[in-house]
Amino acid sequence: MIIKVLGPGCQNCKTLERVTREAVAELGVEATIEKVEDYPTIVGYGVMSTPALVVDEKVVLAGRVPRTAEVRELLASA
Amino acid sequence: MSVTAALPRSRRGLGLALGGAAALWTAAYWLNGRLWDRVLHDWAGLAPEARVTETVHFFLYDSIKIALLLVGIVFVVTVLRSYMSVERTRALLGGRREGVGNVMAAGLGVVTPFCSCSAVPAFIGFVAAGVPIGVTMSFLIASPLVNEIAVGLLLSLFGWEIAAVYVGAGLGIAIVAGWVLGRLGAERWVEPFVFQTTLGGQVVDTTAGLRFDQRVQMGVEEVGTILRKIWPYLLVGIGVGALIHGWAPEDLFTTYAGPGNAFGVLVAVLVGIPLYSNAAGIMPLVEALHDKGLPMGTLLAFMMAVVALSLPELILLRRVLKLPLLAAFVAVVGTGIVAVGYLFNALLA
């Protein structure tokens, strides 16, 4: 599973990355987590509100910081 | 179906919780208005007219009042706004011409949930969807300028007329400034990579299809996030406000920015631009300065300068806008704010 955290490096983006790492650890799945900070690439995913979460090249969440449990559900169903 | 069967029960629980929270909030607000006179005068034995008493009273009463107002405003606004999104706004603006587009963009800038940290991706996204630069700028100006927290606080502290004046003036500035920037041929000063970016894949609508309890959950989380983020600004603002309230001589501010000084608004805007705070932090200051006799137009201009033009956002926008456009942006918005200040000083006097 390839997970990307999209965001220019603001506080919300850091929080989303932390929450995602927690969710991955709780699920115990194999996943690489990358940060994407480059604007053209972020918009290339169709994302206009950061932070956003991309799982296997599919945008699953954008524009808000979810709780760990919500990310766990998103990852489990992806 | 299990989902529809579960809904009424959770709805009632949710309704009870919301009703209970509203009752608690009202009680706390009521208590705050009556508690401090008793605590300071009767229990602590401080003289009611002493400067120290007035300063401490302003600080305690205002901290709690503004914190309570913030909790209420942020919660309600977040839940309401969760029905809008930047994606929907862009779809509404796509293909609009200047003029009508500027008016729509300014209005949507007020109601769309938007964090200035998303200013750059939103700018690129709008331009890639064919929204003219001037229209995009109207959106980006209105969004921080007509700040929902500022509107809510003005409404509770100064009444609906002042809040309406603020919203009207903010929309006016965003519409005119965006239109002027568009007329200046702003495309020349946009970094070329913006025009080469294409929106890939499916556009994600971030908040469509959420259940009501999820929106309430978002509101609760946003209250926590906002309070954590702004409490230092709030305390500094209230502290300075309390000092002004208790200690500043009556004529200190009126000499430099009072009704008698023709440059008052200009001074207020020039002081406001480099000040980095937010609507909540600036409000206790506005309240204290209003008590000291500063005219409302000057104060609204001061507030707009603080919230609309901030260095961190300008640095972010520098990634997509070249310096001449950035300078024009500050100049046009600044001029608009000054004009609004003088206009309302004349009208409200």
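The values are calculated or read from the model by the stated rules, or taken from the named source; none is laboratory data. Small disclaimer: the values here were computed from a predicted structure and weren't measured. We place every Cβ from the backbone using ideal geometry, glycine too, and count neighbours over all the protein chains shown.
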**Prompt:** Here are some conditions: (1) within 14 Å of chain A (Cβ to nearest Cβ); (2) over 16 Å from the mean Cα position of the chain (by Cα). B:Ala119 meets all but one. Which one does it not meet?
**Reply:** (2)
**Fill in**
Counting only residues in region B:86-116 that are in contact with a Pro (Cβ under 7 Å, 6 or more places away or on another chain) and among the small types (Gly, Ala, Ser), the one nearest to B:Ala150 (Cα to Cα) is identified as B:Ser116
**Item:** Long-range neighbours under 9 Å by Cβ, at least six apart or interchain, first residue touching a residue at least 12 places away in the same chain (Cβ under 8 Å) and of a type outside the set (Ser, Thr, Tyr) within region B:30-56, second buried (at least 16 other Cβ atoms within 10 Å of the Cβ) and in a loop (DSSP other than H, G, I, E, B)
**Value:** B:Leu40/B:Leu46; B:Val52/B:Leu46; B:Val56/B:Leu46
**Request:** Determine if region B:116-127 includes at least one residue that is assigned to a loop (DSSP other than H, G, I, E, B) and touching a Leu at 6+ places or on another chain (Cβ under 9 Å).
**Result:** no
**Prompt:** So, of the residues in region A:6-35 that are at pLDDT 85 or above, touching a helix residue (DSSP H, G or I) at 6+ places or on another chain (Cβ under 6 Å) and within 14 Å of another protein chain (Cβ to nearest Cβ), which turns out to be farthest from B:Ser85 (Cα to Cα)?
**Reply:** A:Val19
**Message:** Residues to consider are B:Trp25, B:Trp30, B:Trp43, B:Trp36; find the one that is more than 24 Å from B:Val240 (Cβ to Cβ) and surrounded by 15 or more Cβ atoms within 10 Å (Cβ to Cβ).
**Reply:** B:Trp25
**Positions within region A:39-69 being facing another protein chain (nearest Cβ under 7 Å), within 11 Å of the chain's Cα centre (by Cα) and part of a loop (DSSP other than H, G, I, E, B), in sequence order** = A:Thr50, A:Gly63, A:Arg64
**Message:** Among the residues of region B:297-325, what is the count of those that are assigned to a loop (DSSP other than H, G, I, E, B), in contact (Cβ under 8 Å) with a residue 24 or more places away in the chain and farther than 23 Å from B:Ala150 by Cα?
**Reply:** 3
**Prompt:** Among the residues of region B:93-115, which ones are part of a helix (DSSP H, G or I) and surrounded by fewer than 17 Cβ atoms within 10 Å (Cβ to Cβ)?
**Reply:** B:Val100
**Prompt:** Looking only at region B:180-195, which residues are within 14 Å of another protein chain (Cβ to nearest Cβ) and among the aromatic types (Phe, Trp, Tyr)?
**Reply:** B:Phe193, B:Phe195
**Fill in**
Expected single match for at pLDDT 85 or above and touching an Asp or Glu at 6+ places or on another chain (Cβ under 6 Å) among B:Val286, B:Val306, B:Val265, B:Val320 is B:Val320
**Message:** Of the residues B:Leu323, B:Leu294, only one is surrounded by fewer than 24 Cβ atoms within 10 Å (Cβ to Cβ), within 16 Å of B:Val267 (Cα to Cα) and more than 17 Å from the chain's Cα centre (by Cα); which?
**Reply:** B:Leu294
**Fill in**
Every listed condition ((1) β-branched (Val, Ile, Thr); (2) within 14 Å of chain A (Cβ to nearest Cβ); (3) touching a strand residue (DSSP E or B) at 6+ places or on another chain (Cβ under 9 Å)) holds for B:Ile133 save (2)
